[in-house]
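J.: I'd like to ask you about the structure that follows.
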Amino acid sequence: MRVTLKNITLAYDQQPPILTNFDCQIPDGQLTALLGPSGSGKSTLLNLIAGLLTPNAGQIIFDQTDVTATDSRHRNIGMVFQDYALYPHLTVRDNIGFPLKMAHVKKAARYQRVAELAELVQVTDQLSKFPQELSGGQQQRVAIARALAKQPNLLLLDEPLSSLDATLREELRGVIRQIQRTTGVTTVLVTHDQEDALQVADQIMVLANGRLQQVGSGGDLYQHPTNLTVAQFIGRPRINVVPLGLLPAEFKSLLPTTTQATTLGIRSEAIRLATADRHRLTATVIQQIQLGRDVQTHLQTALGPLVSTAIPTTTATTLAITLAPTGCTLFAADGHSLVGGDRDA
Amino acid sequence: MLNQTPTAKSTLKALLYLAPLLVLTAVFILWPLLNAFLISLYTKYNYYTGHVGALGWANFGYLWHDPTFHLAARNTLLLVLVAVPVSVALALAIALGINQIPRLADFFQTVYFLPFVTSTVAIGLVWNWIFRLDGGLLNRLLSLLHIPAIDWLNDPHYSLGALIIVCIWQGLGFNIILFLAGLNHIDHRFARAAELDGASDWQRFTNVTWPLLMPITILVIVNTSITNFKVFDQVYALFHGAAGPGDADLTLMVYLYQKFYVENQMAVAAACGVVLFLCVSVLTLITVGYFHHRQRQLGGR
């Protein structure tokens, strides 16, 4: 099912609006991640789609139907909450079957469907237990099964992984991906963690400050950010941002010529040891950190502090470095990217 | 220290700190309780000289054959069986209503709670006026519905009903507060999840709110039952010290009072007290059992 949000405005009393004239479209049958820092309005957006919040203005459209005024319970949505919200007084079996019971599905048919869903999320051996007896990961699987029980047109996942530890997160990402592929249900995943989005989603919508910053695949967002906000949000370590004025003239020849550019973004892997005689920059090594496969090198240069992941472990205190043009993006004073992210430029 | 294990010395030290309270509890609670049990077993007992003829079950035998006790037991049971369900249902309905109107919640809580903190004597006076045959508020309301006036306090057919109304009214406020606390304790997420799961308001109440409210409901039921088993002051205030017309409002506590202060049958009064104690204990044990079961089910702890 395709979800369209048109001109949505939402504000609480006596507070600046969270969303103003917001438009977006969630494509049918895909897994879309809403990615943004906390306070970006992504959970608000999800609650609007779910019908838990009503917009002050604008329309929410499912396929061709306007559902702006429709109750949550008639929107046929499955939702998984951050802290699961499993009913503590019901067994796993009855939790998964709850939406079916509400729809007056007979017990036999209900338990049949529960068994299928339990199989899908691999909790078959936990069916008679109560939620409190399960681990966080198992509870989340049950919550997903419950959300899928009534074969919703839309599956909403509100920060489903944020209360799990790293190993479980990794595992549950796989589960979510696989379930979405198997069922083909249109899915929206809200997360503040770019790794969740990058690993799971077909397309990522980056939200910040109540605005849709960019829509695209993980690769698009990283290589062609439309603005500085996206560039700074996507990618770890954070993109190095230096004022263009500090850049020595000889480097400028490496970059496309524009007049509007004021800021240069340099990805960490674009800062390398200098091999040629030209385009050299002297850098003082402040610290080197081994992070698994990568080595992060913190440098102090004439451009300000920089972080590189392309410098091998070294004992030298001073290095000559250079910049690879492929990892560099120019930004205008208003934050728009000028080269690389050419969509919005 | 977290890993400290109790030793004889540390236990003794703890007891020393607790001694003042333990002594008070022993003197004013445990000893009278034990004494009441003992007195209930005294036969041919002279309260003033402290002379005990023999020990035995004769007092309980007396109760077993005493028609007045039967009447008291029947009245008390009727009171509990009518007042408790009505009071609990009414309190739940009002609490659910108040929960929907957060703005006026404080006002209504206060209004409903007032009877609980008002002196029973004052309440007795007010209800005496409400129940009056001519010009009483209740009869005026009934006359609006073209129902003939009822002599609530002097007609033995209605006087127990009048007592039940007062008991329900007086206990309502406290029960509402308990239910409100229980409702606030239920996470709003469950309501939201249930709505998305397609539950109508009524389904949400029966499938989510009500089961999650069960512990507080049990608490309210038991608390109300115990209170209503022990009804005395309402009778005293409503009927000016008597047990209603033709003993129609004779409850176990009133029976106990009459035996003790009026008829000077201390041992029989004590035996009646023991019977009351057993009734309340059984109720309490059932509750404790339920909570244990519930906790095992919910927490696995």
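The values are calculated or read from the model by the stated rules, or taken from the named source; none is laboratory data. All values reported here derive from a predicted model rather than from experimental measurement. Note: ideal-geometry Cβ built from the backbone for every residue, glycine included; neighbour counts use all protein chains shown.
J.: Go through segment A:76-91 and give me each residue that's at pLDDT below 90 and more than 8 Å from every other protein chain (Cβ to nearest Cβ).
T.: The answer is A:Q82, A:Y84.
J.: Let me ask something else. Kindly establish whether B:L252 is surrounded by 17 or more Cβ atoms within 10 Å (Cβ to Cβ) and under 30 Å from B:K44 (Cα atoms).
T.: Details: surrounded by 17 or more Cβ atoms within 10 Å (Cβ to Cβ): yes; under 30 Å from B:K44 (Cα atoms): yes.
When the stated conditions are applied, B:L252 passes them.
J.: Now, a different point. Among the candidates A:I18, A:I49, A:I60, A:I26, single out the residue that is surrounded by 15 or more Cβ atoms within 10 Å (Cβ to Cβ), within 14 Å of chain B (Cβ to nearest Cβ) and at negative phi.
T.: Working: A:I18 fails: within 14 Å of chain B (Cβ to nearest Cβ); A:I60 fails: within 14 Å of chain B (Cβ to nearest Cβ); A:I26 fails: within 14 Å of chain B (Cβ to nearest Cβ).
Testing whether each residue is surrounded by 15 or more Cβ atoms within 10 Å (Cβ to Cβ), within 14 Å of chain B (Cβ to nearest Cβ) and at negative phi leaves just A:I49.
J.: Against the definition (in contact with a strand residue (DSSP E or B) (Cβ under 7 Å, 6 or more places away or on another chain), of a type in the set (A, V, I, L, M, F, W, C) and farther than 18 Å from A:S337 by Cβ), how does A:V285 come out, yes or no? So that I can check it myself, show each step before the final result.
T.: On the way: in contact with a strand residue (DSSP E or B) (Cβ under 7 Å, 6 or more places away or on another chain): yes; of a type in the set (A, V, I, L, M, F, W, C): yes; farther than 18 Å from A:S337 by Cβ: yes.
The answer is yes for A:V285.
J.: Then there is this: Can A:L189 be described as in contact with a helix residue (DSSP H, G or I) (Cβ under 7 Å, 6 or more places away or on another chain), farther than 28 Å from A:R238 by Cα and among the aliphatic types (A, V, I, L, M)?
T.: On the way: in contact with a helix residue (DSSP H, G or I) (Cβ under 7 Å, 6 or more places away or on another chain): yes; farther than 28 Å from A:R238 by Cα: no; among the aliphatic types (A, V, I, L, M): yes.
Judged against the criteria, A:L189 is not a match.
J.: Counting residues that are away from chain B (no Cβ under 14 Å), over 14 Å from the mean Cα position of the chain (by Cα) and surrounded by fewer than 22 Cβ atoms within 10 Å (Cβ to Cβ), which strands (runs of 3 or more DSSP E) fully inside segment A:130-245 reach at least 3? Walk me through it before giving the result.
T.: Numbers: elements: A:154-158, A:186-191, A:203-208, A:211-216, A:240-243.
The strands (runs of 3 or more DSSP E) meeting that bar are A:240-243.
J.: For segment A:175-204, what are the residues that are within 18 Å of A:V142 (Cα to Cα) and of a type in the set (S, T, N, Q)?
T.: A:Q178, A:Q180, A:T182, A:T183, A:T187
Here is a yes/no grid of residues against (1) under 28 Å from the mean Cα position of the chain (by Cα); (2) assigned to a loop (DSSP other than H, G, I, E, B):
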| position | (1), (2) |
| --- | --- |
| A:R272 | no, no |
| A:A276 | no, yes |
| A:H279 | no, yes |
| A:A283 | no, no |
| A:I286 | no, no |
| A:T297 | yes, no |
| A:P305 | yes, no |
| A:T314 | no, yes |
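J.: Based on what the data block shows, is A:E250 part of a helix (DSSP H, G or I) and more than 24 Å from A:H224 (Cα to Cα)? Let's see the steps before the verdict.
T.: Details: part of a helix (DSSP H, G or I): yes; more than 24 Å from A:H224 (Cα to Cα): yes.
Taking the combined requirement at face value, the residue satisfies it.
J.: Can you name the residue in segment A:72-94 that is hydroxyl-bearing (S, T, Y) and out of contact with any Gly (no Cβ under 6 Å at 6 or more places or on another chain) and is also surrounded by the fewest Cβ atoms within 10 Å (Cβ to Cβ) among such residues? Outline the logic, then answer.
T.: Pass one, segment A:72-94, residues hydroxyl-bearing (S, T, Y): A:72, A:84, A:87, A:91.
Filter once more, so that each one left must be out of contact with any Gly (no Cβ under 6 Å at 6 or more places or on another chain): A:84, A:87, A:91.
Details: A:Y84: 22, A:Y87: 20, A:T91: 18.
Restricting to residues being hydroxyl-bearing (S, T, Y) and out of contact with any Gly (no Cβ under 6 Å at 6 or more places or on another chain), the top hit is A:T91.
J.: Identify all residues within segment A:93-129 that are facing chain B (nearest Cβ under 10 Å), in contact with a helix residue (DSSP H, G or I) (Cβ under 6 Å, 6 or more places away or on another chain) and basic (K, R); write none if there are none.
T.: A:K129 - this is the single residue of segment A:93-129 that is facing chain B (nearest Cβ under 10 Å), in contact with a helix residue (DSSP H, G or I) (Cβ under 6 Å, 6 or more places away or on another chain) and basic (K, R).
J.: Before we move on, is B:N35 outside any helix (DSSP H, G or I) and more than 30 Å from B:L160 (Cβ to Cβ)? Explain how you work it out, then say what you get.
T.: Values: outside any helix (DSSP H, G or I): no; more than 30 Å from B:L160 (Cβ to Cβ): yes.
It is false that B:N35 is outside any helix (DSSP H, G or I) and more than 30 Å from B:L160 (Cβ to Cβ).
J.: Being on the phi > 0 side of the Ramachandran plot, touching a Pro at 6+ places or on another chain (Cβ under 8 Å) and crowded, with 17+ Cβ neighbours inside 10 Å is true for just one of B:G198, B:G182, B:G246. Which residue is that? Steps first, answer last, please.
T.: Values: B:G182 fails: on the phi > 0 side of the Ramachandran plot; B:G246 fails: crowded, with 17+ Cβ neighbours inside 10 Å.
Answer to the check: B:G198.
So that you can scan it fast, the table gives a plain yes or no per residue for (1) assigned to a helix (DSSP H, G or I); (2) within 14 Å of chain A (Cβ to nearest Cβ); (3) free of Cβ contacts under 8 Å to residues at least 60 places away in the same chain; (4) closer than 30 Å to B:N99 by Cα:
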position	(1), (2), (3), (4)
B:V126	yes, no, yes, yes
B:R132	no, no, yes, no
B:G135	no, no, yes, no
B:L138	yes, no, yes, yes
B:D155	no, no, no, no
B:G173	yes, no, no, yes
B:I176	yes, no, no, yes
B:A181	yes, no, yes, yes
B:R189	yes, yes, yes, yes
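J.: Turning to a different aspect of this structure: With (1) in a helix (DSSP H, G or I); (2) free of Cβ contacts under 8 Å to residues at least 24 places away in the same chain; (3) of a type outside the set (K, R) as the list, and B:G53 as the residue in question, which single condition is left unmet?
T.: Here B:G53 meets the rest and fails (1).
J.: So, A:L35, is that one at pLDDT 90 or above, within 15 Å of A:E159 (Cβ to Cβ) and in the same structural domain as A:G218 (by TED's automatic domain parsing) or not?
T.: Taking the combined requirement at face value, the residue satisfies it.
J.: Could you grab me the full set of residues in segment B:194-217 that are among the charged types (D, E, K, R) and more than 7 Å from chain A (Cβ to nearest Cβ)? Spell out the reasoning first.
T.: Of segment B:194-217, the ones among the charged types (D, E, K, R) are B:195, B:197, B:201, B:204.
Scanning segment B:194-217 gives B:D201, B:R204.
J.: Moving to a separate point now. Looking at segment B:109-124 only, could you name the residues that are part of a helix (DSSP H, G or I) and closer than 20 Å to B:I165 by Cβ?
T.: Step one: filter segment B:109-124 for residues part of a helix (DSSP H, G or I), giving B:109-117, B:120-124.
Within segment B:109-124, B:V111, B:Y112, B:F113, B:L114, B:P115, B:F116, B:V117, B:T120, B:V121, B:A122, B:I123, B:G124 meet the criteria.
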